[in-house]
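Notes for the one structure printed next.
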Amino acid sequence: MSEAQRAELRAKLPPGGYDGSVASRAQMVLWHDEGHSAPEIAATMGTSKVTVYKWLERYAAGGLAALESRKSTGRPREVPGEVRARILALTKQSPPESTGLPHWSSYEMARYLRAHEGIRVSHNFISVLWRENGIQPYRQGTFKLSRDPDFAAKVVDVVGLYLDPPAGAVVLSVDEKTQVQALDRTQPLLPVSFGKTEKRTHHYKRHGTTNLFAALDTDTGEVTGRCFSRRRASEFRNRRNRETTRSWNTCRTFA
């Protein structure tokens, strides 16, 4: 070997080496270049002659890069793409009424495929396939449609204020959280400790409820909040008008 090749191999040895496996393989090549036989190297390294010959041959064929561990390509897919597509298509549909299921589970899907589709896959395979495609049939959400005939026009007006407010205007998004319970624990909280969670007493004192109203300035991100003991539309409207009066045009959006 050339001196440059030897220097390249020595750079992989401790303490500068970053990979113990590559370092031991580089050491095998260096010792072989110094005249040591494969059996001697194997005895010194505590490995077999077959291993020594393997790394010597790899280095001769590919140089230093060949001493890196090869990444496994893994087992080829045993389930064809058509079957995978069929499972995903069924998952996106509600279970047939004959199953009596509100939604699919991996177990029920595997059982249904065996009985009606002639597809034999494990429930573990179905779970992995769902995760790979970001499908969670066991979770449900809700949505609501407005019955207001002018809903579309109102959305345009509100979104327009957010995207392109008039010059010198303040756009406020106001929301409310009413009937917030004002509770007071009978004893102070016990703080978090190692292996223990924060704890509070089971008993508490009731101090009635409070009503929180908050306004978000969509331009600055500033939030203004107020609590009231009672929820009265007229009282809140008057206070809101006093707080939002400005010397310039004010646009108020209530969402």
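The values are calculated or read from the model by the stated rules, or taken from the named source; none is laboratory data. No experiment lies behind these values; they were computed from the predicted model shown. Positions of Cβ are generated from backbone atoms using ideal geometry, with glycine treated the same way; all protein chains shown enter the neighbour counts. The area values use the complete protein model at the heavy-atom level, side chains included, leaving out ligands, DNA and RNA. Shrake-Rupley method; radii C 1.70, N 1.55, O 1.52, S 1.80 Å.
For the range 1-103, which GluC sites (Glu not before Pro) are both in a DSSP coil and crowded by at most 11 other Cβ atoms within 10 Å? When the GluC sites (Glu not before Pro) of the range 1-103 are filtered for loop state and at most 11 Cβ neighbours within 10 Å, 34, 78 remain. Quote the FRET efficiency, to the nearest 0.05, computed for residue 68 versus residue 128 with a Förster distance R0 of 22 Å and r equal to the Cβ-Cβ distance. It comes out at approximately 0.15.
For GluC sites (Glu not before Pro), the sites in the range 119-203 that DSSP calls loop and that have at most 16 other Cβ atoms within 10 Å are 198. Built from the Cα atoms of the range 58-183, the convex hull projects on average onto 21.2 nm², one quarter of its surface area. Rounded to the nearest 20 debye, the dipole magnitude of the range 111-178 is 700 debye, with +1 charges on Lys and Arg beta carbons, -1 on Asp and Glu beta carbons, and the Cα centre as origin.
A simple spin-label model places pseudo-atoms 7 Å from Cα toward Cβ; at residue 54 and residue 178 they are separated by 7.5 nm.
Jot down the per residue volume, in cubic angstrom and as a whole number, of the convex hull over the alpha-carbon atoms of the chain.
Details: hull volume 103.8 nm³, N = 255.
Taking the convex hull of the Cα positions in the chain, it is 407 Å³ per residue.
The aspartates and glutamates within cross-link reach of residue 205, meaning a Cα-to-Cα straight distance under 13 Å and a gap of 8 or more places when in the same chain, are 184. Under the shape rule built on the C-alpha gyration tensor, where the axes satisfy a ≥ b ≥ c, the range 128-197 is oblate, since a/c reaches at least 1.5 while a/b does not exceed b/c.
Between rounded, prolate and oblate, where does the range 1-71 land on the alpha carbon gyration tensor, with a ≥ b ≥ c its root eigenvalues, rounded for a/c under 1.5, else prolate if a/b exceeds b/c? Don't skip to the answer; put the middle values down first.
Values: a/c = 1.32, a/b = 1.22, b/c = 1.08.
Since a/c stays below 1.5, the shape of the range 1-71 is classed as rounded.
Hey, can you find the accessible area per residue of the range 67-195 for me, probe 1.4 Å, expressed in square angstrom? Walk me through the numbers before you get to the answer.
Details: 10140 Å² over 129 residues.
Value returned for the range 67-195: 79 Å² of accessible area per residue.
Each helix, a run of at least 4 DSSP H residues, gives -39500 (n - 2.57); summed and divided by the residues of the chain, these come to -11500 deg cm²/dmol at 222 nm. Longer than 30 Å from Cα to Cα, which of 49/71; 144/196; 177/199; 144/199; 71/92; 12/71 are they? Say none if no pair is. Result: 144/196; 144/199; 71/92 exceed 30 Å.
Across the range 215-224, rounded Karplus estimates of 3J(HN,Hα) from the backbone phi angles (6.51 cos²θ - 1.76 cosθ + 1.60, θ = phi - 60°) give 10, 9, 7, 5, 8, 9, x, 6, 10, 10 Hz, Gly and Pro being marked x. Springs join every pair of Cα atoms under 10 Å in this Gaussian network model of the chain, and among 215, 85, 42 the largest mean-square fluctuation is at 42.
Could you tell me what percent of the accessible area of the range 173-219 is made up of carbon and sulfur, with a 1.4 Å probe and every protein chain present? Walk me through the numbers before you get to the answer.
Numbers: 2060 of 3890 Å².
Whole-percent figure for carbon plus sulfur exposure: 53.
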